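The values are calculated or read from the model by the stated rules, or taken from the named source; none is laboratory data. As the structure is a computational prediction, the values presented were derived from the model and not from experiment. Cβ placement follows ideal geometry from the backbone for every residue including glycine, while neighbour counts extend to all protein chains displayed.
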Amino acid sequence: MARMAVSVLAILLASSALVAANFNREFDITWGDGRGNIQDNGQLLTLTLDRTSGSGFQSKHEYLFGKIDMQLKLVPGNSAGTVTAYYLSSQGSTHDEIDFEFLGNVTGEPYTLHTNVFTQGQGSREMQFRLWYDPTKEFHTYSVLWNPKHIIFMVDDVPIRDFRNLESKGIAFPKSQPMRLYSSLWNADDWATQGGRVKTDWSHAPFSASYRGFRADACVVAAGGRTRCGASVGTDAATGTGAVAGDWYNQELDLTRQQRMRWVQSKYMIYNYCTDPKRFPQGLPAECSM
């Protein structure tokens, strides 16, 4: 009976994130001195940036694989110099990280969507896109599907990037470090807009970004690391039982979605680290040839 109870607890812990999220339950405002706020009975979160400070939040849970969705509405108007970061990350000098960063621009110019993947503390895998809509007018969904074989970035369920597990070729892949979800709104006018040439116009402050619709169909790591996604689907590390992972665990892009991703990249990708040999004088990263 005790073994069964532990197994049921593992299932409940790992599947609890399937329930429609309330920001009060799922996140902590971690900095900003009141510039981050949870509203509408936990259904809306806003971050604000002014000349004094930005703001940020993090998830209460750590995840090891999952499909993470968040709806964002970005800073409107003249957002030059601002960055809205939305990412998964572990801790330490050899951390893993999966990044969405939205680089603001002057009024009427498009945002830049900046993506990156860190493995064992090493990043430099940037791909950047222009968005095909105005991300400040309405909420749009930004998703990460992270399983043992793929990290897939999606915008409104349209895949824009697929970072594959190529460990068999000697290329590290994030698969052992649990990550929290973080987001922040901050001033980065030394680099964010046109390489830092366009600075933040503080006459437009305060700047604000909004969040809603968080969903984590994911494996949640319990205190002490006892409950997690194991080597096989749904294995609980403590008990060896408990089918907890969803369909995302083995998901990859079918032919139709691969074609859709290639279309997005051909039309809207403005930077790809794999096509920047000047940046890598010793040769492009190994995955670029695969």
| So which residues in the range 111-133 are under 15 Å from the mean Cα position of the chain (by Cα), buried (at least 19 other Cβ atoms within 10 Å of the Cβ) and part of a loop (DSSP other than H, G, I, E, B), if there are any at all? | Arg125
| Val75 passes all but one of (1) over 27 Å from Val221 (Cα atoms); (2) among the hydrophobic types (A, V, I, L, M, F, W, C); (3) assigned to a strand (DSSP E or B); which number fails? | (3)
| task | Exactly one condition in (1) under 14 Å from the mean Cα position of the chain (by Cα); (2) touching a residue at least 24 places away in the same chain (Cβ under 8 Å) is not met by Met154; state its number. | result | (2)
| Out of curiosity, is Lys175 on the phi < 0 side of the Ramachandran plot, buried (at least 16 other Cβ atoms within 10 Å of the Cβ) and not in a strand (DSSP E or B)? | yes
| remark: Of those in the range 246-284 that are under 20 Å from the mean Cα position of the chain (by Cα) and in a loop (DSSP other than H, G, I, E, B), the residue modelled with the lowest pLDDT is Gly246
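Out of curiosity, is Ile68 touching a residue at least 40 places away in the same chain (Cβ under 8 Å), over 23 Å from Asp189 (Cα atoms) and of a type in the set (Val, Ile, Thr)? Reasoning before the result, please.
On the way: touching a residue at least 40 places away in the same chain (Cβ under 8 Å): yes; over 23 Å from Asp189 (Cα atoms): yes; of a type in the set (Val, Ile, Thr): yes.
The answer is yes for Ile68.
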| Only one residue in Ser79, Ser89, Ser53, Ser59 is surrounded by fewer than 17 Cβ atoms within 10 Å (Cβ to Cβ) and either at pLDDT below 95 or touching a strand residue (DSSP E or B) at 6+ places or on another chain (Cβ under 8 Å) (or both). Which one? | Ser53
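For every residue, the table says whether it meets (1) in contact with a Phe, Trp or Tyr (Cβ under 7 Å, 6 or more places away or on another chain); (2) surrounded by 15 or more Cβ atoms within 10 Å (Cβ to Cβ); (3) at pLDDT 90 or above; (4) on the phi > 0 side of the Ramachandran plot.
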| site | (1), (2), (3), (4) |
| --- | --- |
| Ser183 | yes, yes, yes, no |
| Trp186 | no, yes, yes, no |
| Trp191 | no, no, yes, no |
| Val198 | no, yes, yes, no |
| His204 | no, yes, yes, no |
| Ser208 | no, yes, yes, no |
| Tyr211 | no, yes, yes, no |
| Ala222 | no, yes, no, no |
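Which one is farthest from Asp217 (Cα to Cα) among residues in the range 134-172 that are among the hydroxyl-bearing types (Ser, Thr, Tyr) and not in a loop (DSSP other than H, G, I, E, B)? Break it down into steps so the answer makes sense when it comes.
Filtering the range 134-172 for residues among the hydroxyl-bearing types (Ser, Thr, Tyr) gives 136, 141-143, 168.
Next cut, not in a loop (DSSP other than H, G, I, E, B) only: 141-143, 168.
On the way: Thr141: 14, Tyr142: 14, Ser143: 11, Ser168: 28 Å.
Among those residues, the one meeting the criterion is Ser168.
Check Glu167, Glu62, Glu97 and return the single one that is free of Cβ contacts under 8 Å to residues at least 12 places away in the same chain and over 22 Å from Tyr268 (Cβ atoms). Steps first, please.
Values: Glu62 fails: free of Cβ contacts under 8 Å to residues at least 12 places away in the same chain; Glu97 fails: free of Cβ contacts under 8 Å to residues at least 12 places away in the same chain.
The conditions single out Glu167.
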| field | Counted residues, the range 57-75 - those being over 20 Å from Gln177 (Cα atoms) and over 14 Å from the mean Cα position of the chain (by Cα) | value | 3
| said: Looking at the range 56-66, can you tell me whether even one residue there is in contact with a helix residue (DSSP H, G or I) (Cβ under 7 Å, 6 or more places away or on another chain), of a type in the set (Phe, Trp, Tyr) and not in a strand (DSSP E or B)? | reply: no
| query | Among (1) touching a helix residue (DSSP H, G or I) at 6+ places or on another chain (Cβ under 6 Å); (2) farther than 30 Å from Gly108 by Cα, which single condition is Glu167 missing? | reply | (1)
